[in-house]
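For reference, the structure discussed in these notes is given below.
Every number in this text was worked out from the coordinates using simple rules, so none of it is lab data. As the structure is a computational prediction, the values presented were derived from the model and not from experiment. Cβ placement follows ideal geometry from the backbone for every residue including glycine, while neighbour counts extend to all protein chains displayed.
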């Protein structure tokens, strides 16, 4: 039996096949006055990422591609001992993205009527959420990954998507990390094992 599958980016992004996933574009992760900005994280990749993301979101909505906003809520009640141990080990245990705070709000982009919001409490947006059910109920076969941080929550979600049998497209310049080397290494690894990496403009062109 011959397996059939989309071989080109155009096939993967064909109408009805794909959804745009926007991961953790929130004040605590992106804004200079957010938790990571105040801690001295390098935010130099954030503004270019958001500018490209704004264009992607606009094009997705115009093409009637579902836009799914992923937001982290990391209230202490949701965090297990492993999480607290990790924070203590790396010396960065400042609460972030706590319910009802400015830090948990969206940064420069936000859902509007018709968009879907998925709240997560772990790095992967598939862990303990309805994301898989939402995607399958709409017949989605390909997820277009964007957001922050490339090497943590974007990567974790992209891997989980692949393991859940979705095709993965990562929009390189619509993702950001706090370290360029980590961003680049993550994309190399995804391109080898979990999906394909393209520029935001490549995705936009296929949604025109």
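Neighbour counting of Cβ atoms within 10 Å sorts the residues 183, 84, fewest neighbours leading, into 84, 183.
Entry note, the chain: the mean residue ellipticity at 222 nm calculated from DSSP H runs of n ≥ 4, each adding -39500 (n - 2.57), is -10000 deg cm²/dmol after division by the residues and rounding to the nearest 500. Here the peptides 85-93, 143-151 are ranked by packing, the mean other Cβ count within 10 Å, and the order with the highest first is 143-151, 85-93.
With contacts taken as Cα pairs under 8 Å and at least 6 residues apart, the chain reaches a relative contact order of 28 percent. Compared with the dominant principal axis of the Cα atoms in the chain, helix 180-193 is inclined by about 40°.
Expressed as an acute angle from 0 to 90° and rounded to the nearest 10, what is the orientation of the C-alpha long axis of helix 81-90 relative to the principal long axis of the chain? It works out to around 70 degrees. Relative to the longest principal axis of the Cα atoms of the chain, the long axis of helix 46-62 lies at roughly 40 degrees. Region 148-164 and region 58-99 have Cα centres spaced 13 Å apart.
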